[in-house]
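Enquirer: Submitted below is the structure of interest, expressed as structure tokens.
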Amino acid sequence: MEKTANRRTFAIISHPDAGKTTLTEKLLLLGGSIRSAGTVKGKKSGKFATSDWMEIEKQRGISVTSSVMQLNYNGVHINILDTPGHEDFSEDTYRTLTAVDTAVMVIDSVKGIEAQTLKLFKVCRMRGIPILTFINKLDREGREPLDLLTEIEETLEMETYPMNWPVGMGKTLRGVYSRADETIESFQEGDEGDERQTFQIDDPEAPLTDADREALDEDIMLIDEAGNDFDREKVQKGKMTPVFFGSALANFGVQSFLDHFVDLALSPQPRRSTSGEISPDDDRFSGFIFKIQANMNPAHRDRIAFLRVCSGTFERGIDIELSRTGKRMKLNQSQQFFASDRDTVEKAYPGDIIGLYDTGTFQVGDTLVTGNDSFHYEEMPQFPPEQFAKVTAKHALKHKQFHKGMDQLVQEGTIQLYRTPYFDDYIVGAVGELQFQVFEYRMKNEYKVDIEFQPYSHEIARWVTGGTITDKMTDQRRMLVHDHKDRPVILFENEFVLTMFQQKFPEIELSSGWGML
Ligand code: G4P
């Protein structure tokens, strides 16, 4: 029980370049998990060059070893799950968000909310998890703090509560004011956070000019009077986001962020299942698989299935049932991920992530549970793909292998499959380009089939959740297909075609993903 209460599992949602890696690194430094900066990112420094993982992984710098990181801070065990972005953005990025209890939204103070943040935010909102916001790069001339808060409130429809408030910004950044302690954490250009000082607000020694004080007084009055009242319950339901201003690079405001994070982030909570809510303190070990990463090295066909522990205690060699098939098995080969080490896990608790060697047994969304009354956790949502292509086998004679590979990779969750009516064409859908590449590679290496893609210009998929689609409603630009569970989906060429469709056929209800709001 104590183990559960002392665990926090979170992911960072942000747009590339907002500072996710830099912040992660500073948090790991604070927890003593790494000793020097530059350890987390393999991409630029090439530190993961020795990784024996898949070819694509190497080329792209994504690594299974950096997928889950841990730190201990003030007796709290924190798991950080990586959410790959850039060209590595894929359904796995979304799925990772189903395995966390809290999200940290990192926003670049110069740019505000960007596209990828918004996409990831929607998944967090669907789950109603707390979202803490870190507005980064305060050492740059960014947008006005109030302007950024308004943008969050309006775009994300979520209340904000600034936990601290900047005094100046960019070249004139003096520090941040903590609303809870009424203190100023001072900032000096070029400092790395080693000799940072904190002053009481009325301390004449505080490095503020009269003009700074005046501006701060005005700002505080404004946010106190016109702003929202802090409401912990709203925060924990994801209806209000506590906002922190700081600079990850200058390690400024990061420690106070972490102090509040430990307090505000949720410990593992009960999760819905086919047997009702399962408490993390339930004696039975249970968990679900949220991601499967294949090893692209043909000599090592194994995969790693990422399991989030939801209840009980995992012990190596534990006897479980795979709910989907009823098959019982022992979990002997398990590992924990951290930086370049891959330790064998002996024990894990709710909130922890373990990697299971998989030879094709698991699928994304699978529930594993001990005991005889197995159950399923909620189905993994199907996230909206944004790229589509018709796929065929290069050599017609390979059609048997082609169908087998398609079937298995779709089941496993590598890519989404749609079929057209009448012609029964195979259309694959993906959230990001990487999924196509992984799919192509695995078809060739594991099933010995060369495939050909014929890209479609469609960008949007909408599941039909109400009304009846007739022939006259669809054409090439709004194409009717069925997903692998035979649910009708319309692929729209762009936002405009979608809007026109909605205006013309208001009786048809559309949803942006299965299981998504
Ligand atoms: P990401 O993981 O979200 O993609 O972002 P990352 O941390 O890699 O940061 C992106 C760029 O922004 C990096 O610069 C990083 O140094 C910079 N950065 C992060 N936090 C801050 C901050 O608080 N202030 C300022 N001024 N810059 C910040 P880069 O030049 O692209 O990369 P690098 O060569 O320095 O690693």
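Enquirer: Given the -39500 (n - 2.57) contribution per DSSP H run of 4+ residues, what per-residue ellipticity at 222 nm results for the chain, rounded to the nearest 500 deg cm²/dmol?
Expert: Per the formula, -7000 deg cm²/dmol.
Enquirer: What spacing in nm lies between the two simple spin-label points modelled at THR198 and PHE375, each 7 Å away from Cα in the Cβ direction?
Expert: The answer from the label model is 4.2 nm.
Enquirer: Follow-up question, since we're still on this one. Compute the angle between helix 433-447 and the longest alpha-carbon principal axis of the chain, please, reported from 0 to 90 degrees and rounded to the nearest 10.
Expert: Here the helix axis deviates by roughly 40 degrees.
Enquirer: Could I ask something else about it? In whole Hz, with x marking every Gly and Pro, tabulate ³J(HN,Hα) for region 388-396 from phi via Karplus 6.51 cos²θ - 1.76 cosθ + 1.60, θ = phi - 60°.
Expert: Running phi through 6.51 cos²θ - 1.76 cosθ + 1.60 with θ = phi - 60° gives 9, 8, 7, 10, 9, 7, 5, 10, 4 Hz.
Enquirer: From the backbone phi of region 158-165, what are the Karplus-calculated ³J(HN,Hα) couplings (6.51 cos²θ - 1.76 cosθ + 1.60, θ = phi - 60°) in whole Hz, Gly and Pro given as x?
Expert: Taking θ as phi minus 60°, the curve returns 9, 6, 10, 9, x, 7, 9, 9 Hz for region 158-165.
Enquirer: Near the amide H of PHE285, under 5 Å away, which other amide H atoms are found, from residues 5 or more places off or on another chain, if H is placed in the peptide plane?
Expert: Counting only residues 5 or more places away or on other chains, the set is THR313, THR370.
Enquirer: What distance in nm separates the two pseudo spin-label positions at GLN269 and LYS239, each 7 Å out from Cα along the beta-carbon direction?
Expert: About 1.2 nm separates the two model spin labels.
Enquirer: Report the antiparallel proportion of the DSSP beta bridges in region 135-266 as a percent, rounded to a multiple of 5.
Expert: The antiparallel proportion sits near 70 percent.
Enquirer: Modelled label-to-label distance, THR209 and LYS444, 7 Å Cα→beta-carbon offset: nm?
Expert: Distance between the two pseudo-spin positions: 6.2 nm.
Enquirer: As I understand it, the value is the acute angle between the Cα axis of helix 495-504 and the longest principal axis of the Cα atoms of the chain; what does it come to in degrees, rounded to 10?
Expert: It works out to around 70 degrees.
Enquirer: Would you mind listing how long region 387-516 runs along its three principal axes, going by Cα atoms, in whole Å with the largest first?
Expert: Sorted largest first, the three principal extents are 46, 27, 23 Å.
Enquirer: Next question. Taking a cut-off of 15 Å between Cα atoms, list the aspartates and glutamates near LYS404, but don't count ones fewer than 8 places away on the same chain.
Expert: Leaving aside aspartates and glutamates fewer than 8 places away in the same chain, those within reach of LYS404 are GLU412, GLU440, GLU446, ASP450.
Enquirer: On to the next question. Can you tell me the 0 to 90 degree angle between the C-alpha axis of helix 254-264 and the longest principal axis of the chain, rounded to 10?
Expert: 70
Enquirer: Quick one: go through region 438-471 and flag any residue whose amide nitrogen is under 15 Å from the point 7 Å out along the Cα-to-Cβ line of LYS400.
Expert: 447-449
Enquirer: If you project the alpha carbons of the chain onto their three principal axes, what span does each projection cover, largest first, in Å?
Expert: The principal-axis extents, from largest down, are 82, 58, 45 Å.
Enquirer: When ranked by the protection proxy of mean other Cβ atoms within 10 Å per residue, highest first, what sequence do the peptides 102-111, 465-474, 428-437 form?
Expert: For the peptides 102-111, 465-474, 428-437, the packing ranking is 102-111, 428-437, 465-474.
Enquirer: Here's another thing I want to ask about it. What does the extension gain come out to for MET1 and ARG232, with contour length at 0.36 nm per residue minus their alpha carbon separation?
Expert: Going from the current span to full extension adds 80.9 nm.
No value in this document is a laboratory result; all are computed from the given coordinates. Please read all numbers here as calculations on a predicted model, not as lab measurements. Reconstructed Cβ throughout: ideal geometry from the backbone, glycine too, with neighbour counts over all protein chains shown.
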